[in-house]
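Take a look at the structure below.
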Amino acid sequence: MSQALKGQRILLCVGGGIAAYKSLELVRRLRDAGAQVQVAMTAGAQQFVTALSFQALSGQPTRTSLWDSAAEAAMGHIELARWASRVLIAPATADLLAHLAHGLADDLVTTLALATTAPISVCPAMNHIMWKHPATQANLATLRARGVQVIGPEDGPLAEGESGPGRLSQPDAIVAALAGAVPADAPVQGPLAGLHVVVSAGPTYEDLDPVRYLGNRSSGKMGFAVAQAAARRGAAVTLVAGPVTLETPPGVTRVDVRSAAQMRAAVFGAFPADIYIGAAAVADYTPRMPAPNKIKKSSESLALDLVRTPDILAEVAASEQPLKLVVGFAAETENVAEYARGKLIAKRLDLIVANRVGIPDGGFESDRNAMTAFWKEGQREFPCAPKTELAEALVELIGERLRA
Ligand code: PMT
């Protein structure tokens, strides 16, 4: 499968035609291709399929009206238009195409189309006579001239029993056409362009002797995903990685370390930076004196003499570095929100991302996670999703907090 849609933020606008049922499948296919999807529906579309179905499939609230104050409070339509890296309109009825061609903005979907700077693709679906009508063809020519990608329609049997061009393209064909229009590894323009972001990821290993160490179960997946998401938004990213087996994300500068002390040195060595994101699971304790030779099995029990490691995150937040934002993670097995808020205050952070660890579907090692971000005046839930998707959403939030 093409990687072109991976991490793309696709705003799927659904128009009012019977083919709207195919757009449910389209959401699935887009997510399978690694895209995040948010859905907006016209009033007509809501006559054919429900907002709830799209919400269940996209994992995001479906937007149905320009005048929904609750939805606007969560993410205003202008913000949603900016969020999108691509806008896909499927099905696009003859009426919707006419609105788009003439720049009319009298409902949510047409307003979003006018308010976005993202590339737009339309997937027409209508009766074959409406499709062939000179007015429709003139509107399509206008849209094409403006750089809008037109996908389909297909020729074949139509809902009303006739046959001809006007069938919505199949979801797989739409995804393939969309992917073909996105250059591979296209950077998603975003709020981090031009900024230097330092991310820590993975575990640290604290050596007990030449053959043993104290470590933890962090795989680095979360931190690497965050580094990749930041790089895709134009940031220069330095990734300070503990011992992990992951590949370096494209465009990211990586510094490999082993212990907490080495991680601290590498983080401060990477400064100056605009943003620090501490996703690493740094050991809290390290042996006071690693044994020079292998510790021999001599007595029934063994007590380790451990001392505290430097708290890198707290030191960064308290330092004189001209950072715009310091973001920590909190890995907790209980009282997640309470402990995370405590760390936000105690370490004087701008943002903390709390996740439950010690569970099978999330936290350490898993490809998926669920998180809650806390800042002084608010919080945001990120329901369970692949870490790559969460990282994209987190980087968006970081962009918002930078602008706040
Ligand atoms: O790597 P994965 O397998 O994908 O798992 C992801 C993760 C669970 C490791 C990640 O999501 C996460 O929660 N990372 C932080 C883990 C952690 O050490 O949490 P903490 O609550 O113990 O520490 C709080 C914060 O202080 C963290 O930002 C940590 O990087 C930082 N810290 C902690 C101790 C220390 N000596 N120095 C630090 O900078």
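The values are calculated or read from the model by the stated rules, or taken from the named source; none is laboratory data. Computed from a prediction, not measured in an experiment: that's the story for all the values here. Positions of Cβ are generated from backbone atoms using ideal geometry, with glycine treated the same way; all protein chains shown enter the neighbour counts.
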Tell me yes or no: at least one residue of segment 283-294 is among the hydrophobic types (A, V, I, L, M, F, W, C) and within 30 Å of the chain's Cα centre (by Cα). yes
Is one or more of the residues making up segment 64-71 touching a Leu at 6+ places or on another chain (Cβ under 8 Å) and closer than 15 Å to GLY16 by Cβ? yes
Residue under question is GLU334, and the condition is that it be more than 11 Å from the ligand (Cβ to nearest atom), under 22 Å from PRO203 (Cβ atoms) and among the acidic types (Asp, Glu); does it hold? yes
Tally up the residues in segment 274-311 that are within 15 Å of the ligand (Cβ to nearest atom) and out of contact with any helix residue (DSSP H, G or I) (no Cβ under 7 Å at 6 or more places or on another chain), please. 8
Residues to consider are ALA231, ALA261, ALA266, ALA241; find the one that is touching a strand residue (DSSP E or B) at 6+ places or on another chain (Cβ under 8 Å) and over 17 Å from TYR205 (Cβ atoms). ALA231
Tally up the residues in segment 199-233 that are within 7 Å of the ligand (Cβ to nearest atom) and of a type in the set (S, T, N, Q), please. 3
For the structure I just gave you, tell me whether LEU214 is surrounded by fewer than 24 Cβ atoms within 10 Å (Cβ to Cβ) and within 30 Å of ALA291 (Cβ to Cβ). yes
Among the listed residues GLY164, GLY152, which satisfies the condition of being within 26 Å of ALA33 (Cβ to Cβ) and at pLDDT below 95? GLY152
Mind checking which residues of segment 238-256 are out of contact with any Ser or Thr (no Cβ under 9 Å at 6 or more places or on another chain) and either of a type in the set (Val, Ile, Thr) or closer than 20 Å to SER366 by Cβ (or both)? GLU247, THR248, PRO249
Among strands (runs of 3 or more DSSP E) entirely inside segment 300-404, those with 3 or more residues being over 28 Å from GLN60 (Cα atoms) are 306-308
Across segment 353-362, which residue is farthest from GLY223 (Cα to Cα) among those that are surrounded by 13 or more Cβ atoms within 10 Å (Cβ to Cβ) and more than 17 Å from the chain's Cα centre (by Cα)? ILE359
If you go through segment 190-198 one residue at a time, do you hit one that is within 14 Å of the ligand (Cβ to nearest atom) and without any contact (Cβ under 8 Å) to a residue 40 or more places away in the chain? no
So which residues in segment 317-331 are modelled with pLDDT of 95 or more and more than 7 Å from the ligand (Cβ to nearest atom)? ALA317, ALA318, SER319, LEU323, LYS324, LEU325, VAL326, VAL327
In segment 12-68, which residue that is among the small types (Gly, Ala, Ser) and free of Cβ contacts under 8 Å to residues at least 24 places away in the same chain is surrounded by the most Cβ atoms within 10 Å (Cβ to Cβ)? ALA51
Can you say whether LEU246 is touching a helix residue (DSSP H, G or I) at 6+ places or on another chain (Cβ under 7 Å) and within 10 Å of the ligand (Cβ to nearest atom), as far as the supplied structure shows? yes
So how many residues does segment 349-369 have that are out of contact with any strand residue (DSSP E or B) (no Cβ under 8 Å at 6 or more places or on another chain), near the ligand (Cβ under 7 Å from one of its atoms) and under 17 Å from GLU334 (Cβ atoms)? 0
